[in-house]
1. Rounded to two decimals, what is the ratio between the C-alpha radius of gyration of the stretch 190-381 and 2.2 N^0.38 Å?
2. Take the Cα pairs of the stretch 270-354, get the Kirkwood Rh, then feed it into Stokes-Einstein at 10 °C and 1.306 mPa s and tell me D in µm²/s.
3. If I take the Cα coordinates of the stretch 52-157 and project them onto the principal axes, what are the three extents in Å, biggest first?
4. Evaluate the stretch 251-315: find the radius of gyration of its Cα atoms, find its Kirkwood radius, and give the ratio Rg to Rh.
5. So what is the relative contact order for the stretch 6-178, in percent, with contacts set as C-alpha pairs under 8 Å and at least six apart?
6. When the accessible area of the stretch 6-178 is computed with all protein chains present and a 1.4 Å probe, what percentage of it is carbon and sulfur?
7. For the stretch 154-215, what value does the Rg/Rh ratio take when both radii are computed over Cα atoms and Rh is the Kirkwood radius, given to two decimals?
8. For the chain, calculate the relative contact order in percent as a whole number, restricting contacts to Cα pairs under 8 Å that are 6 or more residues apart.
Amino acid sequence: MAKVTIADIDPAGKTVLMRVDFNVPLDDEQNITDDRRIRMALPSIQSVIDRGGRLILMSHLGRPKGDGTDAKLSLKPAAEKLSELLGKPVAFAADTVGDEARTKAAALADGEVLVVENLRFNPGEKKGDKEFAAALATLADVYCNDAFGTCHRTDASMVAVPEAMDGKPKVVGFLVAKEIQYLSEAIANPQRPFVAILGGAKVSDKISVIENLIGICDKILIGGAMAYTFSLAQGGKVGDSLVEKDKVELAKELLERGGEKLMLPVDTHCGDDFKGDCNKVIVDAGEIPDGYEGLDIGPKTAALYAETVGAAKTVVWNGPMGVFEMPPFDEGTKAVAQAIAESDSTSVIGGGDSAAAIQQLGFADQVSHVSTGGGASLAMLEGQEFAAVNLLDDK
Ligand code: AMP
């Protein structure tokens, strides 16, 4: 069901507590090396402050150990970056629920922004602690979740805080609203044919996704190293390819359940070393010679998959078709990405490596949606329910 969004409420004169994902990469001098996550949160942030709301932003950053603070994982650089991007001052509190945060939150005027310190400096965050959550909840009149990357988690800021809001509005930000629209609603009621493309290193990471999508999709195209575990299950020769021998039985079961729906590569681009300049050979699937490993789908498979994608009305893609970081073994991934970009289907790119691949290949703006969450988008494709989303207000 669609959730109430931040655009649906009037934030004027109210304090909005927004969970964002400011988990940005930092170098050794605490400079932000990629500010995309902060920029992506700007529409929700701007929506509150432009309409006279008072905004408190909370996020985690990295994985601080213990329960103390860690200057290397402070959110202060993120607050400074946000100030630069907004072109106005942004207050920062060096705690989350202590005196400083409470005082600065109470001092916010309409249209002003406060960033509180890394939530994970408080052990209550990971534990989903109710007292910690209640202290955060009392800071605000409205709760907003715009942190899709952590929506599959039950950290305090994701679940216990909105639960502690006591009848006050609990809404989604624009980023989360879009993720739900594409990863949940478009997949629950897909236009057909609905084609999923699953790749990446391991079958074990994608088992639940395959199991869920077998029941929903018209075709599942398999690529990446996980294709070789399926090949082994069919009695194929996989040479030195990356395989999960302990998943062969499971692969057999999935092949049986999937039947015609599950499409496997028909040829393989192999190399005699894990290097771009190794000796290469293209062979039929299941015929990988000893001394060689499969590093990409072959050209016949790329053409077949591109054709299948071309006929689809809904496409979901998670995981590269080969070692796309190492040309020429990016060709299969490129062919699939291009086919998705050229099709007029509703196209959803799962987070993580496939999102990186579609950006790197320059097709990101030609697809319907590129998910910002790795683990979260995988969990949604597995059909998991998210407590952090379910408890928010329905439209
Ligand atoms: P995942 O995180 O499971 O989506 O896997 C992504 C990783 O799988 C990328 O780093 C790819 O380089 C890697 N990968 C894809 N195909 C192969 C392959 N044939 N052999 C080894 N690694 C692969």
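1. Numbers: Rg = 15.1 Å, N = 192, 2.2 N^0.38 = 16.2 Å.
Normalised Rg, Cα atoms only: 0.93.
2. The Stokes-Einstein estimate is 117 µm²/s.
3. Largest first, the stretch 52-157 extends 34, 29, 28 Å along its Cα principal axes.
4. 1.06
5. Details: 359 pairs, mean separation 47.4, N = 173.
Relative contact order of the stretch 6-178: 27 percent.
6. On the way: 3460 of 7270 Å².
That fraction is 48 percent.
7. Numbers: Rg = 16.4 Å, Rh = 14.8 Å.
With Rg and the Kirkwood Rh in hand, the quotient comes to 1.11.
8. Value for the chain: 16 percent.
The values are calculated or read from the model by the stated rules, or taken from the named source; none is laboratory data. Everything quoted here is computed from the prediction, not taken from an experiment. Cβ atoms come from the backbone with ideal geometry, glycine included; neighbour counts cover every protein chain shown. When the accessible area is computed, the model is the full protein with side chains, heavy atoms only, and any ligands, DNA or RNA have been set aside. Shrake-Rupley method; radii C 1.70, N 1.55, O 1.52, S 1.80 Å.
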